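Written below as structure tokens is the structure these notes are about.
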Ligand code: CTP
Ligand code: CA
């Protein structure tokens with residue numbers, strides 16, 4: 001055990017974490033964004049540093065102090081996040097996709113600020129962004145561990161876990177960290193609770209706890225997976 005009382009069980013591993021939320025600009029000053037603060041992703045990065053990993057953080061619009069001991073690469077849009085992730089992922093043993101990546105972007109961003117005097121656009125045409133996690137799955141290197149996050153509210157089609165199980169079926173990552181978001185939950189808060197799903201039907205509930213402790217519980221599961229795999 002190291003000075004902090006934490007075992008360096010990720011020593012020699014390269015962990016890539018994406019954090020924050022992407023922004024998709026309509027014009028030079030307006031964007032479509034989301035409420036992700038980057039706190040959970042930064043907590044995972046901090047925990048991985050403490051456990052001895054070499055850590056790269058691709059940070060989308062995170063207004064928090066950088067994680068000490070990690071390399072931080074700032075990005076704005078989903079397209080930029082995708083490019084940086086694909087540069088770093090080939091050397092990563094573990095990729096944790098905690099960032100909220102925009103599914104769509106404005107199809108025709110304007111070069112100049114849209115003026116109030118111009119006719120109100122009745123709608124904003126959007127085009128689909130690539131799914132970075134799906135691309136990582138398709139290009140996964142041997143023994144690479146992929147962790148996805150799913151922030152769900154539930155809805156008419158089913159509850160939080162129904163949506164999450166369907167997501168895992170579509171994107172069979174090694175671990176899918178599910179948290180319920182909505183009023184007072186998940187985003188912008190210091191605490192979090194989660195259920196971690198795996199493709200073999202495993203479900204690990206992690207009780208309401210700090211984002212730092214949740215990060216360590218997630219990395220415990222990651223370490224369990226890397227230990228299963230013979231190098
Ligand atoms: N993700 C990604 N690229 C995207 C969208 C999402 O890599 N263009 C990743 C997220 O970082 C997260 C996981 O996919 O780890 C799940 O994201 P989420 O938005 O919950 O799921 P989607 O598959 O986009 O489905 P939906 O938004 O319809 O729930
Ligand atoms: Ca999405």
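Could I have the simple spin-label model distance between residue 66 and residue 141, label points 7 Å from Cα toward Cβ, reported in nm to one decimal?
Using points 7 Å along Cα→Cβ, the separation is 2.3 nm.
Please order 66, 207 by the number of other Cβ within 10 Å, starting at the fewest.
Numbers: 66 14, 207 9.
Lowest count first: 207, 66.
Fewest first, what order do 212, 162 take by the number of other Cβ atoms within 10 Å? Spell out each step's value before the answer.
Working: 212 17, 162 13.
The most exposed by this proxy come first: 162, 212.
Rounded to the nearest 10 degrees, what's the angle between the helix 78-88 long axis and the longest principal axis of the chain, both from Cα atoms, 0 to 90?
Between the helix axis and the principal axis of the chain, the angle is about 30 degrees.
Quick one: length gained pulling residue 6 to residue 116 fully straight, 0.36 nm per residue minus the C-alpha distance? Walk me through the intermediate numbers first.
Numbers: separation 110, 0.36 × 110 = 39.60 nm, distance 5.59 nm.
Separation in residues times 0.36 nm, less the Cα-Cα distance, equals 34.0 nm.
At a Förster radius of 41 Å, what calculated FRET efficiency corresponds to the Cβ-Cβ distance of residue 91 and residue 207, to the nearest 0.05? Write down the numbers at each step before the final one.
Working: r = 34 Å, r/R0 = 0.84.
That gives a FRET efficiency of 0.75.
To test your reading of the geometry: what angle, between 0 and 90 degrees and rounded to tens, separates the Cα axis of helix 160-170 from the longest principal axis of the chain?
Its long axis makes an angle of about 90 degrees.
By how many degrees, between 0 and 90 and to the nearest 10, does the Cα long axis of helix 39-50 differ from the longest principal axis of the chain?
Once rounded, the angle reads 30 degrees.
What is the packing order of peptides 48-57, 109-118, taking the mean over residues of other C-beta atoms within 10 Å and listing the highest first?
On the way: 48-57: 23.8, 109-118: 9.8.
Peptide ranking by packing, descending: 48-57, 109-118.
Specify the inter-centroid distance of segment 58-101 and segment 6-20, based on alpha-carbon positions, in whole Å.
When both Cα centres are located, 13 Å separates them.
Can you give the Kirkwood hydrodynamic radius of the chain from its Cα pairs, in Å with one decimal?
Working: mean 1/r = 0.0544 Å⁻¹.
In the chain this quantity evaluates to 18.4 Å.
Could you calculate the contour length gain from residue 83 to residue 225, that is, 0.36 nm times the residue separation minus the distance between their Cα atoms, to one decimal place in nm? Display every interim value, and only then the final one.
Details: separation 142, 0.36 × 142 = 51.12 nm, distance 2.69 nm.
Here the segment from residue 83 to residue 225 would lengthen by 48.4 nm.
Pull up the DSSP beta bridges for segment 34-184 and report the antiparallel fraction as a percent, rounded to 5.
On the way: 4 of 19 bridges.
The antiparallel fraction comes to roughly 20 percent.
Every read-out reported here was derived from the displayed coordinates using simple, explicitly stated rules and does not represent laboratory data. No experiment lies behind these values; they were computed from the predicted model shown. All Cβ positions, even for glycine, are placed from backbone atoms using ideal geometry, and neighbour counts span all protein chains on display.
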